[in-house]
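Since the structure comes first, as structure tokens, the remarks are kept for the end.
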Amino acid sequence: MTTATASHDEHHHGPEKGLMRWVKTTNHKDIGTLYLWFAFAMLLIGGALAMGIRMELLQPGLQLMDPHFFNQLTTMHGLIMVFGAIMPAFVGLGNWLIPMMVGAPDMALPRMNNWSFWILPFAGGILLSTFFMEGGAPAFGWTFYAPLSTTFAPDSTDFFIFAVHLLGFSSIMGAINIIATVLNMRAPKMKLMDMPLFVWTWLITSFLLIGAMPVLAGAVTMMLTDRNFGTAFFDATGGGDPVMFQHIFWFFGHPEVYIMILPAFGVVSHIIPTFARKPLFGYSSMVYATASIAFLSYIVWAHHMFLTGMPVAGELYFMYATMLIAVPTGVKVFNWISTMWRGSMTFETPMLWAVSFVFLFTIGGFSGLMLGIAPADIQYHDTYFVVAHFHYVLVTGALWSIIAATFYWLPKWTGKMYNEGLAKVHFWWAVISVNVLFFPQHFLGLAGMPRRIPDYSLQFADFNMISSIGGFAFGASFILFTYIVIDCIRNGKPATARPWEGAKGLEWTLAPKAQYHSFNTPPSRELIKSESQHS
Amino acid sequence: MLDNSEKCSMIALNFLISLAFFANDCFYLGGYMSKLSSVIASSIALISTAVFSEYGLNMTEGVTSISRDIYSLHMMVFWVCVVIAVIVFGAMFYSVFVHRKSKGAVAAQFHESTKAEILWTLIPVVILVAMAIPASKTLIDLEDTSKAEMTIKITGHQWKWQYDYPEEGISFISNLAKTSKNSLKTDNKPQHYLLEVDKRVVLPVDTSIRFLITSNDVIHNWWIPAFGVKQDANPGFINDAWAKVDKIGTYRGQCAELCGKDHGFMPIVVDVVSKEDYAKWVAAEQANAAAAIASATKTWSKTELMTKGKSVYEANCAGCHKVDGSGIPPIFPAMKNSPIANGSAAEHIKIVLHGKAGMPAFKMLGDADLASVITYERNAFGNTGSVVQPSDVKSAR
């Protein structure tokens, strides 16, 4: 993306030449690009760890690694995918798109924007370096329940704690920046209810981040003092309570789930109207549903903890509150389908990803509803049914929307078109293999296979083998994805300013490759109205 | 049950095949793609039928009233989801096939309908309330342990289970069976690989049993799918659960909460027997316990201690310190040339009894077991420590 620089930039300096451009940049497009490449690198690393997991699970028996290393793989896979891949990818999309969508020249706090990105490689580097430390990387699962993560954890845990603090700083600064941009830098003629849904979902996500990340910071700080300074927050022998750790963790962890999916809802709400050539159905109910989901996400955390020995009244409350989330989520799915209904649809690659998102995310939603039924959760809890559930919502949900967004906005980012035929092959390859990978895990879980085990009894052998084969195929699909993106950047045919016939939105009014500085003068009311996807 | 798993398998198959046909039919990608997708569809179908005939796909009904209630809740919610899926995805795929530009569809421009939106907010609410009622009943029932006729206490340790029958005065440790341990890296797996223990829990049939569940180190989770019992074992706190098993048999489960290195290797096996057989088992266990107490007071020969010590070591210590005493430094120190095993016996006994940092306490083992394993550690692997007698351990407690 470094080639073809300032050709459309008549009034301002283009980007600086050389490597320092990326170190010193305060440009939202450059920073968005940095975030996306960082997230992609982390996705590949996290994916490589997952390949290790699936290789060990290909057959019963311990073939490749000792159980301690297996636990390091599952832990680091989860941490890297959540904090290194999905979250930074959405911040990258937000950076690139939000200023263009609200008609702003840049983010509100550009220097902080630079800082919040440049913390990430260091945090990621510290996290990854734990693999090479004595005693190995954290091996207590991405949920790091005490006391396994305190008294019984390897020394590298303190580095993990530091890395989590850094990632938290970065996320909070990113969130503040997005709130400030949306509320203060929005084109003066754009009302809140004119904003496209990606902007709305990110605005709401930012409030979730600001609420949730400090709680995570609190949890790891208490871990740090328990480990090193003789406190006993989570140690019963000192008057503490290990279950309190889980309450604190999930008070962060459940909003976190929605931090990773609300922007995905936003992305899909752009792509479906474009390729259905029809306005988004139920725009305002989409906004209200997003806000309701965000609110509910703060009051359902203990549904992750039905087996910790909660009183029955607590279990009943958390079960009811959890089931309630199905209502606004259902509204969203119905609205997407109503948008498609009686449209004039075509199925370019972004639409394929978006339609399969609706289908596969909803399957993850169904298993989520099942998990919310507290008595049934007794049998599902900590089995592969849960693994299948959260991979359906996070891989075929969050990650799917990120890939959809990449193909949808790649022409705007690069000024070039990707290879549509190859991209379709890649889509079918990924969508088939991901289901071979994760669908059998529902069966494994229901038949009683616990998660986070390096070896299993013989009745689980066949589905594990199918799942592993699907996993290798899915992993390999990212080689093709990498090729398609790089091929687009290097050799893509020139794109038009509006490469999708039905696309609306202020970003499509810019040059084919969006100018380095855009919207130096804010868009007019007429332009905002005519580029609205929902009226 | 067979019916349900057949239905499940049909759904899974249809799902996978429809994905492939979706590829095949609706988007023209050239001949090679359609060939590829039908090959994938048929090969998945082949693998799947072979698998489905042998292996479980679905939750089992189990052998307690709770597990049956859970099973019927599970199936109810599952079918509700299937019906919603058929309607919602049906509409979506109808639209995908019919409302496409290539078929001349012209886009309508409607973008809201208050009626429809109220309807699809209210209908899910009604469905959810209908699901919440039976779920609440089951939940209240399974949390009520007041009608128990007997109690056993279950303590999780890294990585084994301890069972105490407080009224009968029985206590023992249950480890992963040697047959499984020895075949981790071989192709020749025993029956019930990883689901067999060296000493099983025995419980009477048709009796309400209360399980008191706790832990000695990290959080574990005691799970027997057939009982519908899965409960966290929290260090410092006691949780409870109950079951009344109405069918004699052997039931297997596993630890269901990540508890460290050997989380995958601490199975649970319960023999549910007739009330008469249970009484016989209790009598035999009580006699064994009395014999063990008697043997702890005598003085043992070094050979006796070493022989018993080796088996105790391999069951309890070898997971971390390794069979050959090499350990996994630095987390799990080596026994070979260890300053502790070659140093003061009192210090060695103290560490084994009470633990140290990542090393769990082993005070739940008997005096004779501890004396023999400590003697073994002090004299095997080329070590030259002193011999420890059960009386030494007893006085150190």
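The values are calculated or read from the model by the stated rules, or taken from the named source; none is laboratory data. Keep in mind that what you see is a predicted model, and the values were worked out from it rather than measured. Positions of Cβ are backbone-derived with ideal geometry, glycine not excepted, and every protein chain shown enters the neighbour counts.
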- request: Please list, ordered by first then second residue, the pairs with beta carbon atoms under 7 Å, 6 or more apart or interchain, first in the stretch B:62-78 and over 19 Å from residue B:129 (Cβ atoms) and more than 10 Å from chain A (Cβ to nearest Cβ), second of a type in the set (Lys, Arg) and outside any helix (DSSP H, G or I).
  value: B:63/B:247; B:64/B:244; B:65/B:244
field: Qualifying positions in the stretch B:337-368 - at pLDDT 85 or above, closer than 19 Å to residue B:381 by Cβ and surrounded by 14 or more Cβ atoms within 10 Å (Cβ to Cβ)
entry: B:338, B:340, B:341, B:342, B:345, B:348, B:349, B:351, B:352, B:362
message: Report every pair of residues separated by at least 6 positions or lying on different chains whose Cβ atoms are under 6 Å apart, first residue within the stretch A:336-351 and more than 7 Å from every other protein chain (Cβ to nearest Cβ), second surrounded by 20 or more Cβ atoms within 10 Å (Cβ to Cβ) and among the hydroxyl-bearing types (Ser, Thr, Tyr).
response: A:350/A:408
message: So, in the stretch A:282-312, exactly how many residues are touching a residue at least 60 places away in the same chain (Cβ under 8 Å) and closer than 25 Å to residue A:101 by Cα?
response: 7
Residues satisfying the stated conditions in the stretch A:176-197, i.e. over 12 Å from residue A:95 (Cβ atoms) and part of a helix (DSSP H, G or I): A:176, A:179, A:180, A:182, A:183, A:184, A:192, A:193, A:194, A:197
task: Please go through the stretch A:46-80 and pick out each residue that is basic (Lys, Arg) and modelled with pLDDT under 95.
output: none
- prompt: Only one residue in B:113, B:37 is surrounded by fewer than 19 Cβ atoms within 10 Å (Cβ to Cβ) and at pLDDT below 95, so which one is that?
  reply: B:113
- line: Of the residues in the stretch B:129-157, those that are in a helix (DSSP H, G or I) and hydroxyl-bearing (Ser, Thr, Tyr) come to B:136, B:138
message: One residue is enough: does the stretch A:259-275 have a residue meeting the conditions more than 30 Å from residue B:111 (Cα to Cα) and touching a residue at least 24 places away in the same chain (Cβ under 8 Å)?
response: no
statement: Those residues of the stretch B:79-92 that are more than 7 Å from chain A (Cβ to nearest Cβ) and surrounded by 17 or more Cβ atoms within 10 Å (Cβ to Cβ) come to a total of 2
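Residues checked against (1) touching a Gly at 6+ places or on another chain (Cβ under 7 Å); (2) crowded, with 24+ Cβ neighbours inside 10 Å; (3) free of Cβ contacts under 8 Å to residues at least 12 places away in the same chain; (4) closer than 25 Å to residue B:63 by Cα:
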| residue | (1), (2), (3), (4) |
| --- | --- |
| A:355 | no, yes, no, no |
| A:364 | yes, no, no, no |
| A:367 | no, no, no, yes |
| A:374 | no, yes, no, yes |
| A:377 | no, yes, no, yes |
| A:381 | no, yes, no, yes |
| A:388 | yes, yes, no, no |
query: hydrophobic (A, V, I, L, M, F, W, C) and assigned to a loop (DSSP other than H, G, I, E, B): does that describe residue A:251?
result: no
Matching entry among A:55, A:65 (being of a type in the set (A, V, I, L, M, F, W, C), out of contact with any strand residue (DSSP E or B) (no Cβ under 6 Å at 6 or more places or on another chain) and assigned to a loop (DSSP other than H, G, I, E, B)): A:65
- request: Kindly check whether there is at least one residue in the stretch A:480-489 that is crowded, with 21+ Cβ neighbours inside 10 Å, touching a Leu at 6+ places or on another chain (Cβ under 7 Å) and at pLDDT below 95.
  value: no
- line: Filter the stretch A:493-524 for residues that are touching a Leu at 6+ places or on another chain (Cβ under 9 Å) and hydroxyl-bearing (Ser, Thr, Tyr); the one that is surrounded by the most Cβ atoms within 10 Å (Cβ to Cβ) is A:518
- prompt: What number goes with the only condition from (1) in contact with a helix residue (DSSP H, G or I) (Cβ under 9 Å, 6 or more places away or on another chain); (2) free of Cβ contacts under 8 Å to residues at least 40 places away in the same chain; (3) not hydrophobic (A, V, I, L, M, F, W, C) that residue A:134 does not pass?
  reply: (1)
task: Tell me, please, whether a residue that is modelled with pLDDT of 95 or more, surrounded by fewer than 19 Cβ atoms within 10 Å (Cβ to Cβ) and part of a loop (DSSP other than H, G, I, E, B) can be found in the stretch A:201-213.
output: no
message: Please pick out the residue among A:218, A:253 that is more than 14 Å from chain B (Cβ to nearest Cβ), surrounded by fewer than 19 Cβ atoms within 10 Å (Cβ to Cβ) and closer than 23 Å to residue A:321 by Cβ.
response: A:218
- request: Among the candidates A:136, A:94, A:124, single out the residue that is at pLDDT 95 or above, more than 18 Å from residue A:177 (Cα to Cα) and either in a helix (DSSP H, G or I) or over 24 Å from the mean Cα position of the chain (by Cα) (or both).
  value: A:124
- request: Quick one: residue A:417 ticks every box in (1) away from chain B (no Cβ under 11 Å); (2) within 26 Å of residue A:359 (Cα to Cα) except a single one, so which number is it?
  value: (2)
task: Mind listing just one residue for me: the one in the stretch A:437-477 that is within 23 Å of the chain's Cα centre (by Cα) and outside any helix (DSSP H, G or I) and, of those, farthest from the other protein chains (Cβ to nearest Cβ)?
output: A:451
message: Could you check the stretch B:232-254 and list, in sequence order, the residues that are under 22 Å from residue A:151 (Cα atoms) and at the interface with chain A (Cβ under 7 Å from one of its Cβ atoms)?
response: B:232, B:234, B:235, B:236, B:237, B:239
- request: Could you list, in sequence order, all residues of the stretch B:156-196 that are away from chain A (no Cβ under 13 Å), touching a Leu at 6+ places or on another chain (Cβ under 9 Å) and not charged (D, E, K, R)?
  value: B:166, B:173
- prompt: Here are B:226, B:243: which of them is outside any strand (DSSP E or B), surrounded by 17 or more Cβ atoms within 10 Å (Cβ to Cβ) and in contact with a strand residue (DSSP E or B) (Cβ under 6 Å, 6 or more places away or on another chain)?
  reply: B:226
